[in-house]
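> I am attaching a structure below and will ask some questions about it afterwards.
The values are calculated or read from the model by the stated rules, or taken from the named source; none is laboratory data. Only a predicted model underlies this, so the values are computations on that prediction, with no experimental measurement involved. Backbone-built Cβ (ideal geometry, glycine too); neighbour counts: all protein chains shown.
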């Protein structure tokens, strides 16, 4: 972990003591993510306000505690400890009043957001023994709605950090508080050392295009065909844990009218995840990074989702 990132996430230094420009530099973000982070740093558009009652937050916490699932996080390949929900499932848990209040927030934040914008919804759980923190990243959504389901005071650590209004800042929140921001906000969650932190996250729409978002813009230094070749090479080994990913890739490669090379780049750009490019995964494997296998499985999972989204095909 880079030193300034470790200072903020693990050592928990005062956020304002860290130079935000140096933090962005050490993260070595893709060019378009650097531009987004700098845009977010020099704006002050993060909004936080009370939204959900204690009764509603308790229902959401009970839902994830009853059915928490462990997948691969698109940010760093680590276990995500979350519960994915459909929009209708969330609405049922919220009830009519809270539903209306929640879905009004993204459009109030960004009136240009289409009423038909797709939404991705999930509940997250952080704890010392599961998912203690999440590194700095920019979301791939046009608007993010992040609702605290637990008080900051209920945990040691687990604080939302963001680069906004010219500095690195903590965003203190009570249970039920909703934070709304766009895709330019570089943010993270600090190490949770005691207690359990819960949140509801809603991604609405797609992040707006910025310079550098073009397909195969040279960030990875590899062509689409090279990324495909490397992916087959990475999954062609004998690691038993990658067996299912190998089988899935074989079926994906036979899909007509859908480009595996283009899908790899869509995944990397949509989720702001250059570490999911096969050339990056190969470097992780060669460097002995234990998260490389997580990244490989996550990439194939997201390629399956891309096929269903772009091609209208249900993956077997």
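> Can you tell which of 40, 78 is surrounded by 15 or more Cβ atoms within 10 Å (Cβ to Cβ) and within 21 Å of residue 129 (Cα to Cα)?
78 is the lone residue from the list that is surrounded by 15 or more Cβ atoms within 10 Å (Cβ to Cβ) and within 21 Å of residue 129 (Cα to Cα).
> Give, as residue ranges, the helices (runs of 4 or more DSSP H) completely inside segment 239-316 that count at least 3 residues that are modelled with pLDDT of 70 or more and within 30 Å of residue 185 (Cα to Cα).
260-270, 278-286, 292-311
> Only strands (runs of 3 or more DSSP E) wholly contained in segment 66-182 count here; list those with 3 or more residues that are under 24 Å from residue 54 (Cα atoms), in contact (Cβ under 8 Å) with a residue 40 or more places away in the chain and more than 14 Å from the chain's Cα centre (by Cα).
177-182
> Yes or no: residue 139 in contact with a helix residue (DSSP H, G or I) (Cβ under 9 Å, 6 or more places away or on another chain), modelled with pLDDT under 95 and crowded, with 22+ Cβ neighbours inside 10 Å?
In short, no.
> Can I ask one more? Scan segment 7-34 for residues that are under 19 Å from the mean Cα position of the chain (by Cα) and either at positive phi or surrounded by fewer than 17 Cβ atoms within 10 Å (Cβ to Cβ) (or both) and jot them down.
Those that are under 19 Å from the mean Cα position of the chain (by Cα) and either at positive phi or surrounded by fewer than 17 Cβ atoms within 10 Å (Cβ to Cβ) (or both): 28, 31.
Listed here are the residues, each with its yes/no results for (1) closer than 16 Å to residue 198 by Cβ; (2) in the same structural domain as residue 106 (by TED's automatic domain parsing); (3) out of contact with any helix residue (DSSP H, G or I) (no Cβ under 9 Å at 6 or more places or on another chain).
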| site | (1), (2), (3) |
| --- | --- |
| 43 | no, yes, yes |
| 61 | yes, yes, yes |
| 69 | yes, yes, yes |
| 72 | no, yes, no |
| 77 | no, yes, no |
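> So which residues in segment 189-199 are part of a strand (DSSP E or B) and out of contact with any helix residue (DSSP H, G or I) (no Cβ under 6 Å at 6 or more places or on another chain)?
Scanning segment 189-199 gives 189, 194, 197, 199.
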